[in-house]
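What follows draws every value from the coordinates through simple rules; no lab data is involved. Values in this document were obtained by computation on a predicted structure and should not be read as measured data. So basically every Cβ, Gly included, is an ideal-geometry build from the backbone, and we count neighbours across all protein chains shown.
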Ligand SMILES: NC(=O)c1ccc[n+]([C@@H]2O[C@H](COP(=O)([O-])OP(=O)(O)OC[C@H]3O[C@@H](n4cnc5c(N)ncnc54)[C@H](OP(=O)(O)O)[C@@H]3O)[C@@H](O)[C@H]2O)c1
């Protein structure tokens, strides 16, 4: 009934579907250019079934031969614990990344050098403009500084959490009247915001990626108001090594905010609320769906 690829989110409460083939950005389609006897794009281009993030095949030089690769870029607004971890996962998965922070691109040169030729740094506007998906991963208090225009029409992934001690008081969040990702969505009216990556500690995020179909693959919850954007976000998350569980619209994002059962705790080998002190352990989609259901306001 729910025979979907792992790039499509499992709906909250559903059983894990049979995994489909792994999307492979950077995958080789042919090792020779047209005109030298090869059939360009022989086989099925992974872009054909990928989400909006994948721009389609392009020829690139690699080790002396021309190869056809699928191109896609992840833009990062914020390059701290979570932003840099996502950048490493993205580069490992064959994506290009454009990093940004509040202090300027020159302050990211060390990280860019570590990440290699797929990475560059820019302003927040440049990262927003370059990204096929853009992740906003900054302290919540700065959300109104996120550039609006270059993100219009894009899937924007929001990792932010509300911590009053760090961010100051937001009465509408304290009262439960709205959620932090809805605030970002209101700021980015012409973008499609998907909440993701906010409930996993960055060290566990770094440790838990697995290929699609692996028995110990971990799932992450997502929420969003736009179905296509959720598929796009799930494609990215799948490419980075995780399944997804759809928690519903952004208004349901509270189910995986700080203090809920699914916040940090499932991704540890001992399943403790002191999750930052414990090594990573995988958490499958069924567990994540159960924990989302157990959340209480
Ligand atoms: N740490 C975790 O394990 C974790 C897990 C899940 C979710 N989160 C949430 O994800 C968000 C980021 O967390 P983090 O731990 O990665 O934070 P972090 O390490 O403090 O990094 C924050 C990043 O945001 C940048 N930044 C701040 N204001 C900005 C602005 N106006 N424009 C562009 N960039 C800006 C900072 O740049 P500068 O350094 O140049 O100021 C820095 O690169 C937070 O909301 C956090 O609650 C964190």
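A few comments on the model shown:
- In plain terms, the bigger the Kirkwood radius, the slower the diffusion; for segment 162-233, with that radius from Cα pairs, at 10 °C and 1.306 mPa s, Stokes-Einstein puts D at 110 µm²/s.
- Compactness relative to 2.2 N^0.38 Å, alpha carbon Rg of segment 109-239: 1.11
- When the P(r) is computed for segment 73-294, the part past 27 Å accounts for 27% of the Cα-Cα pairs.
- Per-residue Cβ neighbour rank within 10 angstrom, fewest leading, 273, 181, 84, 175: 175, 273, 84, 181
- Counted by neighbouring Cβ atoms within 10 Å, the residues 252, 149 run from fewest to most as 149, 252.
- Neighbour counts of C-beta atoms inside 10 Å place 262, 146 in the sequence 146, 262, starting with the fewest.
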